[in-house]
Amino acid sequence: MTGGVVSFDLDGTLWEFQPMMDGAIMAAIEALEERVPELAGRLTLADLHEHRRMVGHEMEGTLEELRRESLHRALRSVGRDDRELAGWMADRLLAARADRVGVHGDVAPAVEALLRQGHLVGAITNGNFPFHRLELAQRFHFVVHAEEAGAEKPAPEPFALAVQLSGGHPDRWVHVGDDIEIDVAGAQAYGMRGVWLNRFGLAPHPDVRPDAEIAGLDELPGTVERLLR
Ligand SMILES: [Mg+2]
């Protein structure tokens with residue numbers, strides 16, 4: 001087999017996380033204010049971030065459970081103790097992520113080039129972004145959400161599930177991500193090549209040595225050719 005597998009991290013790699021999440025939360029607030037006009041102006045972006053942060057400290061659960069709980073608490077804080085409404089808002093928020101996301105312009109050309117080179121393309125994420133809602137997802141052979149694998153990167157489980165779903169092999173595999181410890185070190189520990197996407201010129205890590213460092217995904221197809229030659 002000449003082709004290999006190239007897996008992408010999602011948040012911070014295909015798009016920036018914070019603007020996407022802020023946009024989705026704002027969309028959820030707008031939806032709430034339309035459905036319950038008397039709550040207009042009562043909950044802000046900062047409120048919802050704060051409730052989510054607190055819930056993350058106080059309880060365990062899936063990302064979706066934590067989000068629902070935090071929205072329930074936020075609604076309760078403005079006198080509306082309504083779990084159904086919180087769940088509805090969580091659904092709006094999740095869907096809005098795909099509507100509000102700003103996918104980097106270098107993603108689609110890189111994916112198409114990798115496919116032309118004969119590689120399988122997939123994604124391995126610690127988050128719960130609804131990737132299947134993006135048209136881009138049709139070009140991806142697999143998407144692993146760490147929660148389904150039972151542990152988050154850099155643990156081996158998400159990488160192992162990706163190998164299983166793809167039928168590929170770690171020694172013919174390049175994983176690319178923005179987090180050098182989670183993505184690069186995690187992939188390398190599983191026997192894959194780890195490429196560090198360093199869009200913002202961060203200083204190198206003292207202990208982790210990526211197989212390659214790139215400043216944009218336009219550099220990825222050439223890098224993969226070199227690494228899997
Ligand atoms: Mg990331």
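Read the figures in this text as sums done on the coordinates, not as results from a lab. Because the structure is a prediction, the values reported are computed rather than measured.
Which residue, Asp171, Asp106, Asp82, has the most motion in a Gaussian network model of the chain that connects Cα atoms within less than 10 Å? Looking only at Asp171, Asp106, Asp82, the biggest GNM fluctuation is shown by Asp82. Rounded to the nearest 500, the helix-only mean residue ellipticity at 222 nm of the chain stands at -14000 deg cm²/dmol, with each DSSP H run of n ≥ 4 adding -39,500 (n - 2.57). In plain terms, if you count all Cα to Cα distances in the range 100-206 and split them into 5 Å steps from zero, the share in each step is 2, 12, 21, 25, 23, 14, 4, 0 percent.
When the alpha carbon gyration tensor of the chain is reduced to an equivalent ellipsoid, the three semi-axes, largest first, read 36, 17, 16 Å. In the range 17-100, Cα pairs under 8 Å separated by at least six residues give a relative contact order of 40 percent. In the range 42-84, inverting the average of 1/r over every pair of distinct C-alpha atoms gives 10.3 Å as the Kirkwood radius.
Long hydrophobic helices in the chain: the complete DSSP H runs spanning 18 Å or more by Cα along their own axis with mean Kyte-Doolittle hydropathy of at least 0.0 are 17-35. Computed with the Debye formula from one identical point scatterer per Cα of the range 17-100, without solvent, the log10 of I(q)/I(0) at q = 0.16, 0.22, 0.24, 0.26 Å⁻¹ comes to -0.53, -1.05, -1.27, -1.49.
Three principal axis extents of the range 1-65 based on alpha-carbon atoms, in descending order, are 62, 28, 17 Å.
Once you reduce the range 85-130 and the range 4-19 to the center of their Cα atoms, the two points are 8 Å from each other.
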